[in-house]
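Structure first, then comments.
The values are calculated or read from the model by the stated rules, or taken from the named source; none is laboratory data. All figures in this text were calculated on a predicted structure; none of them were measured in a lab. Using ideal geometry, Cβ is built from the backbone for each residue, glycine included, and neighbour counts are taken over all protein chains shown.
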Amino acid sequence: MTQRDKTLLIVLGFLAVFAPVTAGLSLAWPTWLWVLITVASVGAVLVVRAAIAERIRGEQLQDARMSQYLPAEPVPEPSEYEEVLVGATYLPSASADYRFVFSAKVWWRFTPGRPPIAHANPAGLAISLVVRQAQHEAVKANPEDYSLLEHHLSGVLGTTRQDPGGVVEASANSIKVSLAPDDEARLRSLADVRKNREVWEHEREYERNKRQYLGEDVLKDTGSAVVWWLAKKDTAIQETVDLIGNLAQLSAAANNTEIPPLFRNFLMDPQSGADLNGHAADTAFDAMYADADQTTRTRYLRTWMTEIGLDPGDPEWSLLAHRLARSAETTGRPDIAEEIRRDFDLPTDTEPDAPADQPGDDTVDTAEHTENEAVSWPADGDRSLSYE
């Protein structure tokens, strides 16, 4: 209803009541007459009001039908983005003592499609929106990964988002993330220490495994050491034989034990070039008598003499060797006798002097007796032999 319609209804209502009353009082009409005229006038006003309301409803229906054919109202153009720089801002990291240095360029505008909301500093609101999102992401990153964080924030903050109040929307680019120079140097130093410690632990573990392998497997005994060397050089048999003495010393030293008597004759004195029995090394002899059985015989003989308590260099050592050589000759084995004399460095014509506390040679010379002569063995305490 327009203002004109309202004014018309007010005037008609006034006249419908005031005019009959005034006329009836001034002309002395009967009361029933001017009351009837007043009621009729008010009824006429109500009819007019109904006509106006019907007219308004018709206009509204017509407007609704016509609005379907009217063009849509143009959408207002969104406001242009404005730029604001965010200076060096410290962001927390996953380590409490280290912080990132953050900077960026923020682009913001008022939220389109709604009237601008009054705000004293909409640019600051946009910066707060961007920094809060950057803080949320930075607190999950390690300080040494600041370059990865920079790329991550470039992707996250590049998306336009609105603040909780819907006043502005903002995004960011030209993002830079770094560490303070002192913190970066400190982290680099810690990383170097960790790497060096890891290398040292691996080297120590390798050394421990190597010591265990050598001590419990390779140098467990002389035989294991010899087999280990042969496995490394399976064709160097003579070289392995020459190294038996050294391998025996290594295995004994590794186990804090003495060298077994079986391998003592393989040992060489590094200063004199002689073995522990005092005999010079004779490589020519080894070359001439390379047969394994002959070499083993003389070495076993030395081991046996050592085990019964004789020491190289004692008179009894040479005396027993000489008598064994003579016994070999008398039994028809001159090659064995020659091998013993050569290995023990004995003369071939004379017998070494017996010790002062021993009688003369009591070896039975079987060559001076016939096969039919019986040998009478001495009783305990009697060292002489007699033939019957």
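Key figures
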item	result
Residue that is surrounded by the most Cβ atoms within 10 Å (Cβ to Cβ) [pool: residues in segment 83-109 that are farther than 30 Å from residue 190 by Cα and out of contact with any helix residue (DSSP H, G or I) (no Cβ under 7 Å at 6 or more places or on another chain)]	107
Residues of segment 155-178 that turn out to be under 30 Å from residue 119 (Cβ atoms) and in contact (Cβ under 8 Å) with a residue 60 or more places away in the chain, as a count	10
Residue list for segment 22-67, filter: surrounded by 15 or more Cβ atoms within 10 Å (Cβ to Cβ), more than 22 Å from residue 3 (Cα to Cα) and not small (Gly, Ala, Ser)	29, 34, 37, 38
Residue 181 under 23 Å from residue 82 (Cβ atoms) and either of a type in the set (S, T, N, Q) or without any contact (Cβ under 8 Å) to a residue 40 or more places away in the chain (or both)	no
Residues that are loosely packed, with under 12 Cβ neighbours inside 10 Å, in contact (Cβ under 8 Å) with a residue 24 or more places away in the chain and part of a helix (DSSP H, G or I), drawn from segment 111-149	147
Cβ-Cβ under 6 Å pairs, at least 6 apart or on other chains, segment 27-44 side farther than 16 Å from residue 13 by Cβ, far side modelled with pLDDT under 80	34/20; 34/24
Every residue from segment 227-239 that is in a helix (DSSP H, G or I) and in contact with an Asp or Glu (Cβ under 9 Å, 6 or more places away or on another chain)	228, 229, 238
Residue 152, sole failed condition from (1) outside any helix (DSSP H, G or I); (2) free of Cβ contacts under 8 Å to residues at least 24 places away in the same chain; (3) touching a helix residue (DSSP H, G or I) at 6+ places or on another chain (Cβ under 9 Å)	(1)
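Yes/no per residue for (1) exposed (fewer than 13 other Cβ atoms within 10 Å of the Cβ); (2) over 23 Å from residue 144 (Cα atoms):
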| residue | (1), (2) |
| --- | --- |
| 170 | no, yes |
| 196 | yes, no |
| 201 | yes, yes |
| 208 | yes, yes |
| 219 | no, yes |
| 248 | no, yes |
| 260 | no, yes |
